[in-house]
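See below for the structure under consideration.
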Amino acid sequence: DSGVTQTPKHLITATGQRVTLRCSPRSGDLSVYWYQQSLDQGLQFLIQYYNGEERAKGNILERFSAQQFPDLHSELNLSSLELGDSALYFCASSPTHTVRIDTQYFGPGTRLTVL
Amino acid sequence: AQKVTQAQTEISVVEKEDVTLDCVYETRDTTYYLFWYKQPPSGELVFLIRRNSFDEQNEISGRYSWNFQKSTSSFNFTITASQVVDSAVYFCALSEAGGYQKVTFGTGTKLQVIP
């Protein structure tokens, strides 16, 4: 158990809908990362937050947004969902924001299915 | 542009055999980081190792070892005396020094260890 929790575990929704994925980092970790794993695109980094502020942005679509709250949990919002958004969404956390020294701890993922 | 190639899509070995997973990368950066992640059948991602571009020392952790060679742009991963629990998909990844926003993942190598 990494200490990172993600809810829900599975989510099935329809095209055009909006969903929110939630992540609670390990106790004491200030950085939260979101990744998408799909059959088409493989593993992709989406976005990173550090202590409430956006730190880095990867291949995140404009229809997607995220935030990190004062209690450090994070939410990834996906809107106007398309079939291609079906994927496994991982959250990870790390103590700081420094790739040089940080170890990332991953949650179990949320499997999103868009029908 | 960064690129990570894991040419081995699937590998099967018999338990107790040694196995090497290949990773070849391309980058124009002089400072970068290389990673290996494990994704067992249960689906979660596990961070295994990070190596920076200035540290070419090989690393050993139990039955795992990593061989980083800048001359051939390779960062290979060897499992000695493989066990069934090693069965997983293994991803190699590359990130520029600035952070995870430029992380590029390989397509993964699925390792099956047969008892």
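Below is a table of values for the structure above.
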read-out: Pair list, Cβ under 9 Å, 6 or more apart: the stretch A:48-66 residue over 17 Å from B:Val103 (Cα atoms) and without any contact (Cβ under 8 Å) to a residue 12 or more places away in the chain, other residue of a type in the set (D, E, K, R) and assigned to a strand (DSSP E or B); value: none
read-out: Residue among B:Gln57, B:Gln101 that is modelled with pLDDT under 90 and loosely packed, with under 13 Cβ neighbours inside 10 Å; value: B:Gln57
read-out: Filtered residue count, the stretch A:96-109, keeping only those that are at pLDDT below 90 and either β-branched (Val, Ile, Thr) or over 20 Å from A:Gln67 (Cβ atoms) (or both); value: 7
read-out: B:Phe47 being within 14 Å of chain A (Cβ to nearest Cβ), more than 17 Å from B:Ala7 (Cβ to Cβ) and under 14 Å from the mean Cα position of the chain (by Cα); value: yes
read-out: Within the stretch B:1-83, strands (runs of 3 or more DSSP E) holding 2 or more residues that are without any contact (Cβ under 8 Å) to a residue 40 or more places away in the chain and closer than 21 Å to A:Thr98 by Cα; value: B:46-52
read-out: Those residues of the stretch A:46-70 which are part of a loop (DSSP other than H, G, I, E, B) and within 14 Å of chain B (Cβ to nearest Cβ), in sequence order; value: A:Gly58, A:Asn59, A:Ile60
read-out: Residue identified as surrounded by 15 or more Cβ atoms within 10 Å (Cβ to Cβ) and at pLDDT below 95 among A:Leu72, A:Leu43, A:Leu81, A:Leu112; value: A:Leu43
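The values are calculated or read from the model by the stated rules, or taken from the named source; none is laboratory data. Keep in mind it's a predicted model, so treat the numbers as computed, not measured. For neighbour counting, all protein chains shown are included, and Cβ atoms are generated from backbone atoms with ideal geometry for every residue, glycine included.
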